[in-house]
Amino acid sequence: MAYAARTQVAPQKTRAEIEAYLSRQGASRIGILTDHKFACVFFDMKERRLRFQLIIKERRSATLTDQHMRASWRALLLCIKAKMTSVESGIETFDEAFLAHVVVPDSDKTIYEHMRETLPQIVRGEAPLRLTGSAS
C-alpha cells in the first residue's frame, strides 16, 4: 500500500502544514502553485531556490483523483521533513539532501532537470558531468 493511501487530510491542510514547517525551518519566499496537471512548492533556503513538483495523475474517477491528491501532499510533507531531519542529524549536508531540487539561476530548471537526460550516460562513464543549457 502506498504511503498515506487512506489519509483523509485535505490537500489544503497539508499545504498549510508544509508552508508552516518550511517557515519554522527558516525558509523564505515560500510559494505553492497548483493547476489540474501539477502542483509546485518552491522556497528559498540557505541561499538556494528550491522546487518540489507533484504530477497530478489522471484517474478514472474524481474519488481516486482526490485520494491521490491527499496522499501525494502527505508524501511531499514527509519527504521535506525527512530531508530536513537528515540535515539536522548530520547524515547529509543541506546541498546533498536537496541538490536535485535546487533551481539553477536564469534557467528556471532544477539541477535534476538539467541532468535528467544525460544521467544514464554519466553513471556509465559515457558522458561528462555538466549542466546542459547553462550559460558559460
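Bear in mind that the values in this text are calculations on the coordinates, not laboratory data. No experiment lies behind these values; they were computed from the predicted model shown. Glycine gets a Cβ as well: all are built from the backbone with ideal geometry, and neighbour counts include every protein chain shown.
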19 Å Cα-Cα reach of LYS13 towards aspartates and glutamates, excluding residues that sit fewer than 8 places from it in its own chain = ASP35, ASP66
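Sum up the charges of everything whose Cβ sits under 14 Å from the Cβ of TYR21, counting Lys and Arg as +1 and Asp and Glu as -1, but leave TYR21 out. Intermediate results must be reported in sequence, preceding the final value.
Details: positive: LYS13, ARG15, ARG24, ARG74, LYS81, LYS83; negative: GLU17, GLU19, GLU88.
Result for the local shell: +3.
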query = With N residues in the range 11-101, what two-decimal value do you get for its Cα radius of gyration over 2.2 N^0.38 Å?
reply = 1.13
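What FRET efficiency comes out for the pair ARG48/LYS81, r = Cβ-Cβ distance, R0 = 25 Å, nearest 0.05? Before the final figure, lay out the partial values.
Working: r = 18 Å, r/R0 = 0.72.
Efficiency, from the Cβ-Cβ distance: 0.90.
Which value at 222 nm does the chain reach when only helices count, each DSSP H run of 4 or more adding -39,500 (n - 2.57), with the total divided by all residues and rounded to the nearest 500 deg cm²/dmol?
Working: 5 runs with 56 residues, N = 136.
After summing the helix terms and dividing by the residues of the chain, the value is -12500 deg cm²/dmol.
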query = Name the GluC sites (Glu not before Pro) in the range 17-60 that are in a loop by DSSP and that have at most 10 other C-beta atoms within 10 Å, would you?
reply = GLU47, GLU58
